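Since the structure comes first, as structure tokens, the remarks are kept for the end.
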Amino acid sequence: MIFRRKKSSGLADALTELEQGVAARDGDRTEQAFGAVIQALQTADDPAEFAAAGPRLAALLPQFPPIGPRAMLATTAGFCVEQGADAAACAEPILAQVRDELAAALEFAARWRATGPDELPEPDEESIDEALLARVGDDQYQALRLAQAWCTVEQWQAPALAVLGRSTEVRRRHGAALLPLSRELEALEQHDLKCLSSMLAVLDDEPLLVLHRPTGTGYQVRIGGLGDNFQLHTLLAHVLIGGGHLPGTAPSADSVHLAGDPAPADGSRSGAVATGAFELFGADGTRIWNEGTPDDIPEVDGHRLLVLDEPSYARSWNADRFFPMLPGRVELLRVLPAEETHAWLARTTG
């Protein structure tokens, strides 16, 4: 039998040329080779090519100059992950640079505020001029580095999401270090980092105590892969109402499928609607909003404790999950005995 050999995209050769250009610190050669890599990726269709290219591209990140197309290189590696390259093999260099960019953007903000009371500048590269750099510091190269981080940090979300969204181990290894930085920068209200912060906040294999105040019953569940509390709400209702433990109307099969299907969603809006079954509260009576994430649920003696109450009004939402590549999981571990439930309820407010 004669097999037709696939035409090569030239990606492997372009990668080798890029690696050699970077090693030689030859800017023109590196730029030309990088352009060839991007062009080759646009025509590649063999999964093995993407699998090989992703880690090689990610490994070059520390050698690319901070002031330059480093974010584009990370995005290119992230694209390979989306096409099947191993997320864990690409994650370390990508997320190390994400950490550096977040820290540099925060350093820019700190220096800016230390020299005057006026508002932080909008993150626009065209606004970088000599006056702006002089305000950030005497070292012009360092000032430019910080200013570019301030202006381009959002470009790092896509490659970060590519690796974080495809590996529980990557999220566990990097989430705790990156989440405070992302949220601190987001709080300055100059950057849209909601996707990055929400992904870093995803809990995996997390135990959760759930108390249903109207019936005085309690449950221990294990959650994972939930991008927001809409997804949590739907799957809790599926497990507890659909499982016959609580009264009420179980969520539709479509909404449950969209929230928990192991296969990645295609990212398009399905039009399916999920309907609220509960009102969600922390043990201290704080409202847990559907728009938030499960890590908003506060702990009591080392246990995340969620209180469910009757909904005060009817609410519904689009059932598509926030992160298409992340299937949510809510697993019932046990029904709490009445005495244990009452003891936990006694420690709640509301």
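The values are calculated or read from the model by the stated rules, or taken from the named source; none is laboratory data. Because the structure is a prediction, the values reported are computed rather than measured. With ideal geometry, Cβ positions are generated from the backbone for all residues, glycine too; neighbour counts draw on all protein chains shown. Heavy atoms of the whole protein, side chains included, go into the accessibility calculation; ligands, DNA and RNA do not. Shrake-Rupley method; radii C 1.70, N 1.55, O 1.52, S 1.80 Å.
Things worth noting here:
- 2 or more residues over 25 Å from the mean Cα position of the chain (by Cα): qualifying helices (runs of 4 or more DSSP H) within region 1-94: 11-23, 27-43, 47-59
- Considered as a group, the residues in region 207-243 that are in contact with an Asp or Glu (Cβ under 7 Å, 6 or more places away or on another chain), open to solvent by less than 50 Å² (accessible area, probe 1.4 Å) and part of a loop (DSSP other than H, G, I, E, B) include one that is farthest from residue 320 (Cα to Cα), and that residue is 225.
- Filter result (surrounded by fewer than 21 Cβ atoms within 10 Å (Cβ to Cβ), under 13 Å from the mean Cα position of the chain (by Cα) and among the polar types (S, T, N, Q)) within region 139-184: 167, 168
- Which numbered condition residue 192 fails, given (1) in contact with an Asp or Glu (Cβ under 7 Å, 6 or more places away or on another chain); (2) surrounded by fewer than 18 Cβ atoms within 10 Å (Cβ to Cβ); (3) farther than 24 Å from residue 67 by Cβ: (3)
- Residue in region 198-206 that is under 19 Å from residue 303 (Cβ atoms), of a type in the set (Gly, Ala, Ser) and either part of a helix (DSSP H, G or I) or touching a Gly at 6+ places or on another chain (Cβ under 8 Å) (or both) present: yes
- Pairs, first without any contact (Cβ under 8 Å) to a residue 40 or more places away in the chain in region 13-42, second of a type in the set (D, E, K, R) and open to solvent by 60 Å² or more (accessible area, probe 1.4 Å), C-beta under 7 Å, six or more apart: 21/29; 33/17; 36/17
- Going through (1) touching a strand residue (DSSP E or B) at 6+ places or on another chain (Cβ under 9 Å); (2) loosely packed, with under 14 Cβ neighbours inside 10 Å one by one, residue 291 falls short only on (1).
- When we screen 246, 280, 332 for residues that are buried (at least 16 other Cβ atoms within 10 Å of the Cβ) and assigned to a strand (DSSP E or B), the only hit is 280.
- Residue in region 253-273 that is under 22 Å from residue 180 (Cβ atoms), open to solvent by less than 60 Å² (accessible area, probe 1.4 Å) and of a type outside the set (Gly, Ala, Ser) present: no
- Residue match in region 122-138 (condition: open to solvent by 20 Å² or more (accessible area, probe 1.4 Å), over 30 Å from residue 263 (Cα atoms) and in contact with a Ser or Thr (Cβ under 6 Å, 6 or more places away or on another chain)): yes
- Residue check for residue 66: surrounded by 15 or more Cβ atoms within 10 Å (Cβ to Cβ), in contact with a Ser or Thr (Cβ under 9 Å, 6 or more places away or on another chain) and in contact (Cβ under 8 Å) with a residue 40 or more places away in the chain: no
- Any hit, region 111-127, residues being in contact with a helix residue (DSSP H, G or I) (Cβ under 9 Å, 6 or more places away or on another chain), in a helix (DSSP H, G or I) and aliphatic (A, V, I, L, M): no
- Filter pass, residue 127 being in contact (Cβ under 8 Å) with a residue 40 or more places away in the chain and not hydrophobic (A, V, I, L, M, F, W, C): no
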